[in-house]
1. For region 303-355, name all the residues that are assigned to a loop (DSSP other than H, G, I, E, B), of a type in the set (D, E, K, R) and within 14 Å of ALA277 (Cα to Cα).
2. For region 264-281: of the residues being at pLDDT 80 or above and not aliphatic (A, V, I, L, M), which is nearest to the chain's Cα centre (by Cα)?
3. Out of LEU575, LEU583, which single residue is within 30 Å of PHE531 (Cβ to Cβ) and at pLDDT 95 or above?
4. Take region 85-121 and flag every residue that is among the β-branched types (Val, Ile, Thr) and assigned to a helix (DSSP H, G or I).
5. Among the candidates LYS245, LYS231, single out the residue that is more than 21 Å from THR174 (Cβ to Cβ), at pLDDT below 90 and charged (D, E, K, R).
6. I'd like the full set of residues that are more than 21 Å from TYR130 (Cβ to Cβ) and either out of contact with any Lys or Arg (no Cβ under 8 Å at 6 or more places or on another chain) or of a type in the set (D, E, K, R) (or both), limited to region 433-454.
7. So which of GLU215, GLU220 ends up being at pLDDT 90 or above and surrounded by 14 or more Cβ atoms within 10 Å (Cβ to Cβ)?
8. Look at region 423-445 and say how many of its residues are out of contact with any Gly (no Cβ under 6 Å at 6 or more places or on another chain) and farther than 19 Å from TRP401 by Cα.
Amino acid sequence: MKKIEATSHEAQSADITAENIAQLKALFPELLTESANGVAINVDVLKQLVGDVTATDAEEKYGLNWHGKRRARQIALTPSTGTLRPCPNESVDWNTTQNLMIEGDNLEVLKLLQKSYAGKVKLIYIDPPYNTGSDFVYSDSFQDNIKNYLELTGQVEGGRKISSNTEASGRFHTDWLSMMYPRLKLARNLLKPDGVIVISIGDKEIDNLREICSEIFGGENLVATAIWEKKNKGAFLASDITNMKDYVVVYCKEKASFNGLIGQIALEEETYPCVNAPNAREIRTIPAGIQSKFREKNYTLAKGKVISADTMSLILHSDLVIQDGVLAKELVIEGNWRYTQDSMTEYARVGDLYLTQDLYLRRIVREPRYKTMRDLLPRLGTTGKPAFPSINPNDLFADGWATNEDANEELRQLLGEQNLFDYPKPSHLIEKLICSIRDDKALILDFFAGSGTTGQAVNALNALDNGSRRCILVQLPEPLDPENKDQKIAAEFCDKLGKPRTIAELTKERLRRAGAKIKSDNPMFAGDTGFRVFKLDTSNIRAWNPDRDNLEKTLLDHEEHILPGRSEADIVYELLLKLGLDLCVPIESRAIAGKTVGAIGGGVLLACLAEHITTTDVEALAQGIVAWRKELAPAGDTTCVFRDSAFENDIAKSNLAAILEQYGIANVRSL
């Protein structure tokens, strides 16, 4: 039975460096060599393989560089030893929801999501902090970012002061770039091959953002840099030009797999018969001068000719001519009509009558020539090839895309307060972006969640078209200071709720209220508007950290490898993350030999975290686990996990592992 230590591969997030080396080894085995520090890449061989002219370490080369870029790249590659602890009491519909709201530093959270969600996200939308010279609270450490996070949020003593990223610091752009680079690097890994990332940004960093995105995603994968009109009007008597816009930068992961974005659909006209057999027989008069859809230049409609043969509707007047598509004289027809005379007159007046070549009179149902994807979702569905010709959105998000003013009003109506957030994004903007990927089962990620606009947009669209889109939101529990005039309203709102003064609490409250409103406005919608809350924390597995002044106490403390105060649920969800399972995967539990055993993901993971397992318990427990696994019939191999300190002795531990392995469960681990 292998023991999972704090330094074990199973106790950490994905090791991206090791994965990169493995990919290089698969392509070019000769690149790998040995050094004093272990496996290394032979740069000389690399130059020979790609050609000396294409490999350079020269100072003068094209690209964006800044002090700290090497460190930012290292931070992205460093695995996280943290975990996400479940918080059912702060969640909505915990047992059924497929949505996640994660409270924590998004750099560490992105690392922790790598194993479970790599290559599964269809759309990433982020609205990162604009580089305004204030409120820059992300402080990343190559050594221990979890500690930074816990200090920043006041969860451990010696809290860090939130400093501003002022231009006077001399690192105005450098700090922002060092913050964004590793997050974008990790985000790319989560995208599906046909996935896209959409980033809202202002003037000060648009150029730098484009540069680092082109480096991370590839310049050829730039889809567009759109302009979003964020205001309805400029400031009156302003001393400077009012900024009316933000940018929306769009990159795809792989151009070859990318299917494009759909903004609108060009609808074709549809027609319906004007007659209806069961109705009474009456006369309808079609006035002269209407524009007919009949294409022949000249056509005579003789008296007594049948029009609409299914009900034997007859033309009563003779010698009526359609010439160049225009009805020359009044047309009088007897038949079983679907519409009243007034309706027929109106349809004739607006040109909605259609005379077919086989003499059927039909009414044209005119849709607008172009309708937005959001309007069309209930009618067309959202999977497969569009039923009508599609039109890509243009790079000006103006009319119909909503503004900051709309977003503020949306929040006021939902939360009853104004100015809780600076420059929130309207949900209609995010809805249109989500619609453009045309996937009603998409997984959407927003790791700068802010007010939770993306979560509301996903739920609203699902209610509109009965889709099953999922969202993952990540938000730093950034403290709100009531003494700060820009944060006073938000801090007092948290006080009214009886919640901690953090932005993450506002995010969760918005999601709760938006979900309830969507349910209320759509009583027939039975879809998912809930969310599971998780919070970033240190690993549940105790790391070896000896007190050299009291080694005896250290040894006694480390007899139990789980940190005190951690629940079975905490441990189970850390296992899900570290083994690469979805955080919303189904979990069942069953009593076996007096112990509670959990089956996760249909038996892919079986966990028994009982605190005591004796030698006499082993046989019945192992046989029960084997029988349940056979019943579950998981698609792949099963990993079975136990609490290491629970075993009465090594004999009990060895016997249990041996019985499980005998029946095909080879991956047996202890914590």
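The values are calculated or read from the model by the stated rules, or taken from the named source; none is laboratory data. What you are looking at is a predicted structure, and each value in this text was computed from that prediction instead of being measured. A quick note on method: Cβ atoms are made from the backbone with ideal geometry, for glycine too, and the neighbour counts reach across all protein chains shown.
1. ARG338
2. That would be THR271.
3. The conditions single out LEU583.
4. VAL109
5. LYS231
6. Scanning region 433-454 gives SER436, ARG438, ASP439, ASP440, LYS441.
7. GLU215
8. 6
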